[in-house]
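The values are calculated or read from the model by the stated rules, or taken from the named source; none is laboratory data. Keep in mind that this is a model prediction, so the values were computed, not measured. Cβ atoms come from the backbone with ideal geometry, glycine included; neighbour counts cover every protein chain shown.
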Amino acid sequence: MACERKNWFKVYKGFIKLFKKPTNFKYVGEKITVPSVILSNHVGTSAPLSFELYLENVPMRFWGANEMNSGLKNMYKYQTEVFYHEKRGWNIHLARIYCLLASPLTNIFYKGLNLISTYKDGRFVKTIKESFDAIQDGNSLVIFPEVSDKGYLDVLEGFHKGFVIMLDYAYKKGVDLPVVVTYYHKKSNVHLIDEKIMYSELINKFSTYDEIANYLCDRCNKLGDMCQKSYLEDLNSKNK
């Protein structure tokens, strides 16, 4: 059965919506109507919130770092040292103070999401199997695979290939999944959704996981270019 958010979480999301205006979802192709693997840039917390709060009629499960799904203590450490300090460039002391409030609220949010934990070791097998089960239940998977060692950049430097391993696992189980690349443009609050591409098409074009990941990252950046161009055109039009 597709993942259904619990009533308490729906109320919690309603509170968050008071502080985040609705996202404008735009489609290059058709809307998402079947279980798919949805790839997006991260933009801090903005893109995940965009999906969860405002993408309607798409049952979803999210991938997320296991540290964010392993209790408040581990989450606080990860958020302060990695998410805010390393990736977003915050002063470590400011991050620690801020996360005294942010981490408990984030912990509640992730419990409501029923997050699928990702790992950098052999436990990634658990991620793949749980993801496949979620697809079989009728959910799409939302994954943020960007390489973010230098922070969350407007132009992505690459995609980690873990999601391709999951796609290949599903394919070998007889499930050819659609892949949908998206890009969230924070300045215009537009989330641009590309045409789907089937995994079978990707393996006919490319021979390695890395090639597939790089191709899809390039598609994501092209969506970003489209968003930026449209944003600048609108800005120039308003200034005339």
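Only residues that are modelled with pLDDT of 95 or more and under 30 Å from I165 (Cα atoms) were counted across the range 1-27, and they come to 3. Scanning the range 1-24 for residues that are aromatic (F, W, Y) and closer than 23 Å to I135 by Cβ yields a single hit, F9. Is it the case that the range 197-216 has a residue that's within 21 Å of L49 (Cα to Cα) and modelled with pLDDT of 95 or more? Within the range 197-216, none of the residues are within 21 Å of L49 (Cα to Cα) and modelled with pLDDT of 95 or more. Taking the listed residues K222, K229, K126, K150, the one that is surrounded by fewer than 19 Cβ atoms within 10 Å (Cβ to Cβ), modelled with pLDDT under 95 and not in a loop (DSSP other than H, G, I, E, B) is K229, with no other qualifying. Only a single item in (1) part of a loop (DSSP other than H, G, I, E, B); (2) surrounded by 16 or more Cβ atoms within 10 Å (Cβ to Cβ) is not met by F19, and it is number (2).
Checking each residue in the range 29-42 for being closer than 18 Å to D218 by Cβ and not small (G, A, S) picks out V37, I38, L39, N41, H42.
Among the residues of the range 164-184, those that are farther than 15 Å from F144 by Cβ and either in contact (Cβ under 8 Å) with a residue 24 or more places away in the chain or assigned to a strand (DSSP E or B) (or both) comprise I165, L167, D168, Y169, A170, Y171, K173, V175, D176, L177, P178. Of the residues making up the range 129-147, those that are in contact with a Lys or Arg (Cβ under 9 Å, 6 or more places away or on another chain), buried (at least 19 other Cβ atoms within 10 Å of the Cβ) and either among the acidic types (D, E) or in a strand (DSSP E or B) (or both) number 3.
Does any residue of the range 135-143 turn out to be of a type in the set (S, T, Y) and over 15 Å from F62 (Cβ atoms)? So far as the range 135-143 goes, no, none of its residues is of a type in the set (S, T, Y) and over 15 Å from F62 (Cβ atoms).
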